[in-house]
């Protein structure tokens, strides 16, 4: 009978190989048709009805995954000469179902070993079947997988000044729940406690110190995943302090009198400030000096607001002010001279300081000839003999009746 069925199949499918003939006959036989047969018996009832339709019957195959009482089954590895259009499953527990797609899931009520059968039907109406013994495990609930948290901002080990805004961004994903957001994402600081929720937020209230920032992602089953970053909040730069020691506030000075200034600057971070970090200005004269002390006699007549500005290494400033008055009175003299060497002996010139001026009158003309020698006169005209030809820097210092002095230096070409 089997040989006749094989001959009939080959008559309609002359190019079929022996293996294809066996697969066609076995695939279309009815399984488990006879009861109480020995365990090694194939127990297939030959069915030749498919042969009259022509074509090669499909070969049914499937794989499965059963981590719990629910299994995922995939019959996409089934093949046939025509497209497979029907997948009939028998779950071995009195239930069955038919699908047009190769993948399916089924849930059993109890753990046991079940014989699962699949019959596939192709577009020609040909069928093929396969059965497998499948062990269904005892677990009834899939193990919940914890979510994953990720921080994208700020950069790890960032340092930020206190009071500056820090931007936080991160994400959370869960194998079961997908993307997490809102209250499922909680941000905490090891110093400040909870500081925010959700995928992003900003804050400027973090305390000074090194913070371990933790983003905790919590899924719908309460499982958690965390990510951490470290940031340091440094104390904000404090302004320096400036102090003026002299002159006394409200002091008055005659015009041309030398006025001495002294003061200090200190900074919480930099300590004592000196040099160019301390700048003195006058409301009338502008900048008049730098450093902890200096003197000047060139302040203009009037009331000056003197300001000492201390600047630290971060550019923060602190100021102190005093008010002083420069009163009009004897003004320093204004020196000037001309010279001529024409009509005099070689290496000799005459110098004339009569163009020097003073409001009270000049009493002394002191000359430095630029060659290590000098002399003083009460009259403005003087002669000097240098002894050699050359250019000499001659300095004239004039003194007025009030004792005020000023100097001027000119280059004198001695023939």
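The values are calculated or read from the model by the stated rules, or taken from the named source; none is laboratory data. The structure presented is a predicted model; accordingly, all values stated were derived computationally and were not measured. All Cβ positions, glycine included, derive from the backbone under ideal geometry; neighbour counts span all protein chains shown.
Structural remarks
- Taken over segment 227-254, the residue count meeting the criterion of being crowded, with 17+ Cβ neighbours inside 10 Å and closer than 30 Å to residue 180 by Cα is 4.
- Within segment 312-319, not a single residue is surrounded by 15 or more Cβ atoms within 10 Å (Cβ to Cβ), over 30 Å from residue 269 (Cβ atoms) and within 54 Å of the chain's Cα centre (by Cα).
- Residue that is modelled with the lowest pLDDT, among those in segment 122-178 that are in contact with a strand residue (DSSP E or B) (Cβ under 6 Å, 6 or more places away or on another chain) and outside any strand (DSSP E or B): 123
- Among the candidates 217, 245, residue that is at pLDDT 95 or above and more than 26 Å from residue 314 (Cβ to Cβ): 217
- Selection status of residue 296, within 60 Å of the chain's Cα centre (by Cα), surrounded by fewer than 17 Cβ atoms within 10 Å (Cβ to Cβ) and more than 13 Å from residue 261 (Cβ to Cβ): no
- Unique residue being out of contact with any helix residue (DSSP H, G or I) (no Cβ under 7 Å at 6 or more places or on another chain) and under 16 Å from residue 129 (Cβ atoms) when the list is 22, 59: 22
- A single member of 136, 231, 191, 151 is out of contact with any helix residue (DSSP H, G or I) (no Cβ under 8 Å at 6 or more places or on another chain) and under 30 Å from residue 32 (Cβ atoms), and it is 136.
- Only one of the numbered conditions (1) crowded, with 17+ Cβ neighbours inside 10 Å; (2) more than 20 Å from residue 240 (Cα to Cα); (3) without any contact (Cβ under 8 Å) to a residue 40 or more places away in the chain is not met by residue 326, and that is (3).
- Residue 361 vs. criteria more than 27 Å from residue 386 (Cβ to Cβ), in contact with a strand residue (DSSP E or B) (Cβ under 7 Å, 6 or more places away or on another chain) and at pLDDT below 95: yes
- Residue match in segment 287-298 (condition: within 14 Å of residue 244 (Cβ to Cβ), assigned to a loop (DSSP other than H, G, I, E, B) and modelled with pLDDT of 95 or more): yes
- Residue count, segment 386-406 (criterion: exposed (fewer than 13 other Cβ atoms within 10 Å of the Cβ) and either in contact (Cβ under 8 Å) with a residue 24 or more places away in the chain or in contact with a strand residue (DSSP E or B) (Cβ under 8 Å, 6 or more places away or on another chain) (or both)): 5
- Members of segment 62-74 found to be modelled with pLDDT of 95 or more and outside any strand (DSSP E or B), listed by number: 62
- Taken together, 75, 33, 111, 88 contain a single residue that is in contact (Cβ under 8 Å) with a residue 24 or more places away in the chain and either under 30 Å from residue 3 (Cβ atoms) or surrounded by fewer than 14 Cβ atoms within 10 Å (Cβ to Cβ) (or both), which is 88.
- Scope segment 300-317; condition modelled with pLDDT of 95 or more and closer than 17 Å to residue 253 by Cβ; matching residues: 304, 305, 306
- Exclusive hit being modelled with pLDDT of 95 or more and under 30 Å from residue 303 (Cβ atoms), set 279, 224, 272, 186: 279
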